[in-house]
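Below: the structure, in structure tokens.
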Amino acid sequence: MLVRDAEWAGWRKVMIGEPSTAPAGVATDEKKKLPVCVADFHLDRTGKAICHSSPEAFPGLDPAKATRLGHKQAHDFKRSHARQGYLSQSDILYWSLDVLRRSPRIARALAGRFDELIVDEAQDTSDVQVACLELLRDTGRLKSLVVVADLEQSIYGFQGADPERFAAFASKSQLEPLELKQNFRSSTLICRAASGFTRRDADEAVGENADCPIRPEVLRYEDDNPAAVIVALRQRLEVHDLPLNDAVVLARSRKMRDKLNEVERVSCNRVVRALGNAAAVRERGRPLGATEIRAVEEALLWMIAGERELVDLDVERRRRLRRLSAETWRALPRFGELTLADWVSQSRVVVSDLLDGFVHAGTELKHPPSQQLKNLKSQRLLLARSQFVVNSVELEARTVHSVKGRSIDSVLLVVEPATSRRDRARVLCSVDEHGTLSPEEREELRIGFVSVTRAERYCAVALPDSVPEDVLQRYLKMGFVAVG
């Protein structure tokens, strides 16, 4: 059994919709349909393939529409993949549920095996995970069930997390609630501002930062120049005498993160990505880790033998492939000031020569370097290092999900300008309209809450200049103060 996750991006595609389905500027294939990666779909408890969020490749595609048009083909693909032994992470959960359903004996044995079952970060459980818990609970063999959850921190809707559904499960399971209302991380002022993203009272700040007098702030930036707000944050940290090395800039999306870091990224296939990541490790002066080694081995094996997997190789063939991976890593060109296109071209020559010496004479490669390492027009204006090497900067922007669970001295959340599809700045200050907000908008509020509550002493939100005055006033009522 092989678990595939990010690697699926270049594997099987679900072709959905008609030409009008594609967002403006998105090319469709010769069938006039839109290719969406099958990994963007997840199986729910009924086995239906659901697209919970806009596919990464086509952010303008509505997830409900993607589900409606592509669920049948995605379902068939996932069933076919499972029969071949290929599963995504979410597929594993569904087939685990299927086992528990088909075999009550296994469910009873599993439920009775442990003295206590603890579910941590329970607010992020998916529909399928909740269904598994329901089956274990209904056996009557669970001795103790403990769930640790903050429903206001449920920010994994794209994986099927639904805090209201989990709350219903907890209620039906007759779990005794034990509320934790003390905050050992943030200041009182931050706790009060954070409560503005929720419908509950502010936590009681009791930690060493409880009395910090720095008020949460609102910074502004020009809509077309979000990276400038990092300069403003640096100035605010100097004013408050706070360290740069324990501050973070947060973005809702990877696209905004890259804008803040002034990085332009392009899509690369699995071979280019594996080789580029390996070269970046060498650039940083450290040895390859297990993840990078495996990625290079799989990329080379893909070019040599196609769908064949590493586990299919005997010991001697695996040893030879490992040596080839090491030789490839050492021979890859340095990034220097090469464009991505030139680096890929030079890598193609290197890999072609190494593979010619590795395979038997006359052996035809399944996916030769000439196909996998192409000089593409989209790569000709970008530096190779910008795609693989994260520059060491004092205030590197990150996504909100990447810091969940962390404590950080200073946090800035950069809110994106409004589009025709969403206005995040307005949604983030709309908790009083909770009953009229969509599930996606309620998750935006929770993302705002998670962002602000990472902060220990200083937090701020950065709003685009296009935000109207009435929206700015809402943030001020929440406890933020406008500066600059």
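We did not get these values from a lab; they are worked out from the coordinates using the rules stated. Worth saying up front: this structure is predicted, and the values here are computed from it rather than measured. Cβ sites come from the backbone with ideal geometry, for glycine too, and all protein chains shown count toward neighbours.
Taking the dipole about the Cα centre of the range 124-230, with the C-beta of Lys and Arg at +1 and of Asp and Glu at -1, give me whichever of Cys132, Pro177, Ser144 is farthest to the positive side. Sorting the options by dipole projection puts first Ser144. Summing +1 for each Lys or Arg and -1 for each Asp or Glu among the other residues whose beta-carbon sits under 11 angstrom from that of Asp342 gives +1. Over the chain, DSSP H runs of length four or greater, each weighted -39,500 (n - 2.57), average out per residue to a 222 nm ellipticity of -12500 deg cm²/dmol. For the range 203-310, the Kirkwood hydrodynamic radius from C-alpha pairs, put into Stokes-Einstein at 37 °C and a viscosity of 0.692 mPa s, yields a diffusion coefficient of 179 µm² per second.
With point charges of +1 on the Cβ of Lys and Arg and -1 on the Cβ of Asp and Glu, referenced to the Cα centre of the chain, which listed residue (Asn261, Leu412, Val271) lies farthest in the positive direction of the dipole? Working it through, the farthest residue towards the positive pole turns out to be Val271. Only the Cβ atoms of Lys and Arg (+1) and of Asp and Glu (-1) were treated as charged; on that basis the dipole of the range 270-388 about its Cα centre amounts to roughly 360 debye. Histogrammed with a bin width of 5 Å, the alpha carbon distances of the range 103-172 distribute as 4, 18, 28, 23, 16, 10, 3, 0 percent, first bin at zero.
For the range 369-484, what ratio Rg/Rh do Cα atoms give with a Kirkwood hydrodynamic radius?
Values: Rg = 18.6 Å, Rh = 17.1 Å.
We get a ratio of 1.09 for the range 369-484.
Kirkwood's formula applied to the C-alpha pairs of the range 240-372 gives a hydrodynamic radius of 16.8 angstrom.
The slack between Lys377 and Glu316, meaning 0.36 nm per residue of separation minus the straight C-alpha distance, is 18.0 nm. The relative contact order of the chain, computed from alpha carbon pairs under 8 Å that lie at least 6 residues apart in sequence, is 17 percent. Around the amide H of Leu382, modelled in the peptide plane, lie the amide H atoms of Leu340, Ala341, all under 5 Å away and 5 or more residues distant in sequence or on another chain.
Taking label points 7 Å from Cα along the Cα-to-Cβ direction, Arg79 and Thr291 give a separation of 3.5 nm. Of the residues Pro464, Leu437, Ile92, the one whose Cα sits farthest toward the positive end of the charge dipole of the chain, with +1 on the Cβ of Lys and Arg and -1 on the Cβ of Asp and Glu, is Ile92.
Charge dipole (Cα centre; +1 on Lys/Arg Cβ, -1 on Asp/Glu Cβ; no other charges) of the chain amounts to roughly 1700 debye.
The H on the amide N of Cys459, modeled in the peptide plane, is under 5 Å from the matching H of Glu217, Val411, each at least 5 residues off or on a different chain. Note: the chain, Cα convex hull, 184 Å³ per residue.
When each of Lys72, Lys181, Lys259, Lys404 is scored by the number of other beta-carbon atoms lying within 10 Å, the sequence from fewest to most is Lys181, Lys72, Lys404, Lys259.
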